[in-house]
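Trainee: Structure in structure tokens, see below.
All of the numbers you see were taken from the coordinates with simple rules; none came from a lab. Source: prediction; values computed, not measured. Every residue, glycine among them, receives a Cβ derived from its backbone with ideal geometry; neighbour counts consider all protein chains shown.
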Amino acid sequence: MTDRLQVTPSQTVGPFLHIALQWEDGPYVVPPGTAGGRWLRGRVLDGAGDPVPDGLVETWQADPDGRFDHPDDPRGATASAIEGFRGFGRSTTDREGRFEIFTVKPGPLPAPDGGTEAPHLDVSVLARGLLHRVVTRIYFPDEPQANERDPVLASVDPSRRPTLVATAGPDGLLHDIRLQGEHETVFFDL
Amino acid sequence: MDTERAPRLAVPHYRHDRDTDHPPLASPGYGSTALRAPARPLVVLPQRLTEITGPVLGETRVGELDHDLTRQHAAEPLGQRIVVTGRVLDGDGRAVRHTLVEVWQANAAGRYAHAVDNWPAPLDPNFAGVGRTMTDDEGRYRFVTVKPGAYPWRNHDNAWRPAHIHFSLFGRAFTQRLVTQMYFPDDPLFFQDPIFNAVPDPAARARMVSAYDHTVTESQWALGFTFDIVLRGRDRTPFEDEHDDD
């Protein structure tokens, strides 16, 4: 066993993250035109309900078959059937706090304790004024039964669960992230 | 990993950081946290498949000169040329190989090439202040750049940010994602900086400060600084092979 090292502390991304972290292809978890592709659109809002224009939203997810092309998946790394599937999405926010991610619905996942996780995205939010990223999840509105059985949603106070479930939008999904305030989004301790 | 003997999924577990390792989200000295730090307690999320995996972003994201911020334009930027190098490790001392490192910074006068940064310091047409690279087999990265200047901001009276370079890291799992700032040794502005000082433990703060390293300094060319970055380490799972990671 090697010696343990202490982690490097987190710091804010600051107000100028766009110069480095805005990728032209950032929003594309799957390539444009992918069958089943849809836009996830929303805003990041602060405790006064004002937009957060200097933020970054990143998503990570399984493919539609519920697989990850990653060596630590105990089921084995599996390349997605979707060509160009990246699993990762990144969107800076604009002046109105808006972000956008083009993706497909992931499959359900087996949970280590034996249950099944409903289709979901893991989400990181970074911004000026956030000294550490905050982590949330986004679930799908057309999966009410799977959501009902999801172990993570079950661990959240029922009155706050709606902050984790997107709503249907004109070209996919809509989902606002509220950092603070009456309808504060549920954020997780990983 | 022997899945035959593992009736349930054995996933690695990343150890929790100590509370003193990171700044609290609500840090009153840093005014912008007031309306942005979540007020409700975080909900514990046991690590499952989505958390212990993460994006594998390849070399295709990195251009030939992306690691050298002094060679991305028609001429050289003004300022003190520096080399910044180090290793990306996990909390067990293992190299984080082939992972994307993104950096951004102000120019030598302390101004960012960003439309919102308009304090009266000059822009440098030869400096964008953006770099990318991949770590090598030993987790090592290397950037060439100019030393960023300090700059004023409006957080408190006569507030100045110490010189810093922003670093963004992915590691190998969603749990390991980290964005931090690298500082320079003996900066006289540390005492009044609420972002640096938001990290409660002085020993943890010191881990954000690079070291001047004369072995990295290149004769007749550039000053050298080393900065190692440590991401969360993981506990071994019962079925993990002894040599799984190395």
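Trainee: Could you give the dipole magnitude of the protein assembly as shown about its Cα centre, charging the beta-carbon of Lys and Arg +1 and that of Asp and Glu -1, in debye to the nearest 20?
Mentor: 860
Trainee: When averaged across all projection directions, what area in nm² does the alpha-carbon convex hull of the stretch B:3-235 cover?
Mentor: 15.6
Trainee: Tell me, what is the Rg over Rh of the protein assembly as shown, with Rh the Kirkwood radius over Cα pairs?
Mentor: Radius of gyration relative to Kirkwood radius: 0.95.
Trainee: Calculate the mean, over all residues of peptide A:136-144, of how many other protein chain Cβ atoms lie within 10 angstrom of the residue's Cβ.
Mentor: 1
Trainee: Take chain B, mark every one of the GluC sites (Glu not before Pro) that falls in a DSSP loop and has at most 13 other Cβ within 10 Å, then report the longest stretch left between them, sites excluded.
Mentor: B:139-241
Trainee: What is the pair-distance distribution P(r) of the stretch B:4-46, computed from all Cα-Cα distances in 5 Å bins starting at 0, with each bin given as a whole percent?
Mentor: 5, 15, 17, 18, 14, 9, 7, 6, 5, 3, 2
Trainee: What trypsin sites (Lys or Arg not before Pro) does the stretch A:35-109 have in DSSP loop regions with at most 15 other beta carbons within 10 Å?
Mentor: Sites meeting the loop and neighbour criteria: A:R75, A:R95.
Trainee: Mind listing the long-range amide H neighbours of B:W160? Cut-off is under 5 Å, sequence gap 5 or more, other chains count too, H placed in the peptide plane at 1.01 Å from N.
Mentor: B:W153
Trainee: Right, here's the next one. Show me, bin by bin at 10 Å from 0, the whole-percent P(r) of the stretch B:65-202 based on Cα pairs.
Mentor: 11, 38, 35, 15, 1
Trainee: Taking θ as phi - 60°, what are the ³J(HN,Hα) couplings along the stretch B:44-59 by the Karplus curve (6.51, -1.76, 1.60), each to the nearest whole Hz, with x for Gly and Pro?
Mentor: Going residue by residue, I get 5, 10, x, 6, 10, 4, 5, 7, 9, 10, x, x, 9, 9, x, 4 Hz, with x marking Gly and Pro.
Trainee: Using only the Cα atoms, what convex hull volume per residue in Å³ does the stretch A:1-97 have?
Mentor: Dividing the Cα hull volume of the stretch A:1-97 by its residue count gives 173 Å³.
Trainee: Let me ask something else about it. Give a quick list of GluC sites (Glu not before Pro) in the stretch A:142-189 that DSSP marks as loop, anything other than H, G, I, E or B, with at most 13 other Cβ atoms within 10 Å.
Mentor: Here the sparse-neighbourhood loop sites are A:E182.
Trainee: Check each of the GluC sites (Glu not before Pro) in the stretch A:57-113 and keep only those in coil by DSSP with at most 13 other C-beta atoms within 10 angstrom; list them in order.
Mentor: A:E83, A:E96
Trainee: For the stretch A:18-178, just say rounded, prolate or oblate: build the C-alpha gyration tensor, square-root its eigenvalues into a ≥ b ≥ c, call rounded for a/c under 1.5, and beyond that prolate if a/b exceeds b/c, oblate if not.
Mentor: oblate
Trainee: Same structure, new question: Shielding of B:163-176 by partners, i.e. mean partner chain Cβ atoms within 10 Å per residue?
Mentor: 3
Trainee: Please state, as a whole number in µm²/s, the translational diffusion coefficient that the Stokes-Einstein equation yields for the stretch A:84-187 at 37 °C and 0.692 mPa s, with Rh defined as the Kirkwood radius across alpha carbon pairs.
Mentor: Translational diffusion coefficient: 220 µm²/s.
Trainee: Could you work out, residue by residue across B:203-210, how many beta carbons of other chains sit within 10 Å of that residue's beta carbon, and then give the average as an integer?
Mentor: Counting other chains' Cβ atoms within 10 Å and averaging over B:203-210 gives 2.
Trainee: What order do you get for B:164-176, A:151-163, A:111-123 when each peptide is scored by the mean count of other beta carbon atoms within 10 Å, highest first?
Mentor: In decreasing order of mean packing, B:164-176, A:151-163, A:111-123 become B:164-176, A:111-123, A:151-163.
Trainee: What's the magnitude of the charge dipole for the stretch B:10-148 around its Cα centre, counting Lys and Arg as +1 and Asp and Glu as -1 at the beta-carbon? Answer in Debye, nearest 20.
Mentor: Dipole about the Cα centre, nearest 20: 260 debye.
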